[in-house]
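Novice: Provided herewith is a single structure, encoded as structure tokens, for subsequent inquiry.
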Amino acid sequence: MATTATVADVLRIRPFRRLWLVLAVSSAGDWLGLLATSTFAAARFSGPMAQGAAFGGVMAVRLLPALLLGPVAGVAADRFDRRHTMIGCDLGRFLLFASIPTAGLFVADPGVVVAWAAAATFGIEALAMVWSPARDAAVPTLVPPGHLEAANRLSLATTYGVTPVVSALVMAALYGLAAPVAVALYLNAATFLVNAGVLAVGVRELSGRGRHPAHAGLRRELGEAWGYVRRTPSVRGTVIGILVAFAGAGAVIGAAQRYARSVGDGDGDVAFTLLFAALFAGMALGVAVGPLVVHGLSRRRWFALSIALAGFSVVVLALAPDLGTSAAACVGTGAGAGMAFLAGWTLLGGEVGDGLRGRVFGFVEAGGRLALLVSIAVASVLAGLRAVPPGIPANRLVLLGAGGAVLLAGLAGLRRIEA
């Protein structure tokens, strides 16, 4: 039965409202940490290829724990007290984030500093892999069943719409300081310390162990999910489309820092954060406005058109002559990606049976992260190459190739639907 609960209704529930505030602060810290840590690593080197490899490497490391530790993290989140688990994870992230700029103060070797930044980033993301399912498992215990959809919509909009933009703008504002990246990392660390305090004294309703048993026969269960995706054409097409969108987004992220320098009028760091903000502002716009625009259009056609829009926007980004056009293209890219994500998740939720839905979503998330990891790492290195052919920056060629591939994938999906 459709729910009539609104965002205002769920925000009236005090325990959920406090948990949502914790989510907002934690998400802002995650995005600020992503920007600051990657920029911190790139700044340790002077060569363009070394900078690109350091930037992309640290960003890619953030994705590894989801591939290596996802099932184990989910079990840990279910077995232990949720509030205590979240407090412990926030304290751990506080210490690890604070250690990154501290290492830069006391260690002269840039390779060692970047290695520690990567190791700390891996630990931070591993803790986040435990924190997130503990949070997700707690939400249904804090809101009535009819309010759950509104609560999840608010969480999604906060995590992928508002906080990335706020974090990028904060990062851009900090560039006026003497040591902006170090300040950003210490500020980011402080957000997790604040969260731990709020959880300790303000959301005691989270306490309680999870009720789900440990995952037995993990390999067999994941094999069933993969087999179902492979044998079901409609689901397979949706999954492929989502993975293509993830890979395209990874190529944009990997090439973005080098690209921003070509359109930033000498201030590439500020241009990068502004383009980052434009990308996620577009994503929020697509999630919020997209369903109102498409009305009765089939979700499968909307999905394919959204992928095509994202690809076309990346092509425009590759050809953009100035920062204003680049920002507009980033908004279009984010809008297409956000709508593709929303439509794809809606399609999977309606087509996959309840007995397999969780595993299929887990498979898609792991595959998406792998696509992001590979495309970020490859694009960040390629974007640092010398201009080939002469006069055309490599970062623009990377964006042109990625955008063209995503556009063709969207159009191919649309052609199959209309055939």
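The values are calculated or read from the model by the stated rules, or taken from the named source; none is laboratory data. Here the structure is a predicted model, which is why all the values come from computation and not from measurement. Positions of Cβ are backbone-derived with ideal geometry, glycine not excepted, and every protein chain shown enters the neighbour counts.
Novice: I'm told ARG82 meets every condition in (1) modelled with pLDDT of 80 or more; (2) surrounded by 21 or more Cβ atoms within 10 Å (Cβ to Cβ) except one. Can you identify the failing condition by its number?
Specialist: Among (1) modelled with pLDDT of 80 or more; (2) surrounded by 21 or more Cβ atoms within 10 Å (Cβ to Cβ), ARG82 violates only (1).
Novice: Still on this structure, I have one more. Hey, any hits in segment 206-222 for a residue that's in a helix (DSSP H, G or I), surrounded by fewer than 18 Cβ atoms within 10 Å (Cβ to Cβ) and at pLDDT 80 or above?
Specialist: Taking every residue of segment 206-222 in turn, none turns out to be in a helix (DSSP H, G or I), surrounded by fewer than 18 Cβ atoms within 10 Å (Cβ to Cβ) and at pLDDT 80 or above.
Novice: In this structure, is VAL203 at pLDDT below 85, outside the structural domain of LEU385 (by TED's automatic domain parsing), hydrophobic (A, V, I, L, M, F, W, C) and in contact with a helix residue (DSSP H, G or I) (Cβ under 6 Å, 6 or more places away or on another chain)?
Specialist: For VAL203, the condition - at pLDDT below 85, outside the structural domain of LEU385 (by TED's automatic domain parsing), hydrophobic (A, V, I, L, M, F, W, C) and in contact with a helix residue (DSSP H, G or I) (Cβ under 6 Å, 6 or more places away or on another chain) - is met.
Novice: Just to verify a result, which residue in segment 285-300, among those that are buried (at least 19 other Cβ atoms within 10 Å of the Cβ) and modelled with pLDDT of 80 or more, is nearest to LEU154 (Cα to Cα)?
Specialist: Within segment 285-300, the match that is nearest to LEU154 (Cα to Cα) is GLY286.
Novice: Separate question: Filter segment 308-353 for residues that are at pLDDT below 85, touching a Lys or Arg at 6+ places or on another chain (Cβ under 6 Å) and either of a type in the set (A, V, I, L, M) or crowded, with 22+ Cβ neighbours inside 10 Å (or both) and give the result.
Specialist: Passing the criteria: ALA343, LEU347.
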